[in-house]
Amino acid sequence: MILGIGIDLTEKKRFIKIMQSNTRNRFILRVLTQEEQKYLQHTKYDIDFIAKRWACKEAISKAFGCGIGKNLSFLDINIIKNEHGKPIVKINKNYIQTPIFSGNPENIFIHISISDTKNVAIANCVIEGYPCV
């Protein structure tokens, strides 16, 4: 059963100033998980990488119906790639309580699609699983 859908469109220019400032490291620690930070170290396209991860995490939080906040933070959402390059979402929390779901994140499946152009990043999310009872 589809529990939620979310989409986010992010302008990359938002991140250029941050990534060139002295708040760069603090921003990365606030938004990217340790695993995502390892990916960032190996890419020369840091603005693209961060914009796409931002869009993904916003789309996921919208699909959960709670937004980024006390129920779900940027660091609770880990986006990695499988061996074929497909984005895989892992929720780094044992229990989440949102408008559509209350329980173990292993009981749901999160589909995410990411794309970008020179100026924007976009992500679409569909959450499947069983609703709260």
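Brief remarks follow.
- Subset of the stretch 99-116 [at pLDDT below 80 and part of a strand (DSSP E or B)]: Ser102, Gly103
- Criterion (within 15 Å of the chain's Cα centre (by Cα), among the charged types (D, E, K, R) and at pLDDT below 90) met by exactly one of Lys86, Lys93: Lys93
- Matching residues in the stretch 6-57 - criterion: being farther than 15 Å from Leu75 by Cα, under 13 Å from the mean Cα position of the chain (by Cα) and free of Cβ contacts under 8 Å to residues at least 40 places away in the same chain: Phe49
- Here is the figure for the stretch 84-98: residues that are polar (S, T, N, Q) and either farther than 25 Å from Lys70 by Cβ or not in a loop (DSSP other than H, G, I, E, B) (or both) total 1.
- Tally, over the stretch 119-133, of residues that are assigned to a loop (DSSP other than H, G, I, E, B), in contact (Cβ under 8 Å) with a residue 40 or more places away in the chain and over 14 Å from Ile60 (Cβ atoms): 3
- The residues of the stretch 104-133 that are surrounded by 14 or more Cβ atoms within 10 Å (Cβ to Cβ), within 16 Å of Ile2 (Cα to Cα) and over 15 Å from the mean Cα position of the chain (by Cα), listed by number, are Ile108, Gly129.
- The set of residues in the stretch 49-74 being surrounded by fewer than 16 Cβ atoms within 10 Å (Cβ to Cβ) and within 20 Å of Gln34 (Cβ to Cβ) consists of Ser73 alone.
- Single unsatisfied condition, Ile77 versus (1) out of contact with any strand residue (DSSP E or B) (no Cβ under 6 Å at 6 or more places or on another chain); (2) free of Cβ contacts under 8 Å to residues at least 40 places away in the same chain; (3) buried (at least 18 other Cβ atoms within 10 Å of the Cβ): (2)
- Any chance Ala63 is in contact with a Phe, Trp or Tyr (Cβ under 8 Å, 6 or more places away or on another chain) and assigned to a helix (DSSP H, G or I): no
- Thr43 satisfies every condition listed in (1) closer than 21 Å to Lys81 by Cα; (2) of a type outside the set (Gly, Ala, Ser); (3) not in a loop (DSSP other than H, G, I, E, B) except (3).
The values are calculated or read from the model by the stated rules, or taken from the named source; none is laboratory data. Small disclaimer: the values here were computed from a predicted structure and weren't measured. Using ideal geometry, Cβ is built from the backbone for each residue, glycine included, and neighbour counts are taken over all protein chains shown.
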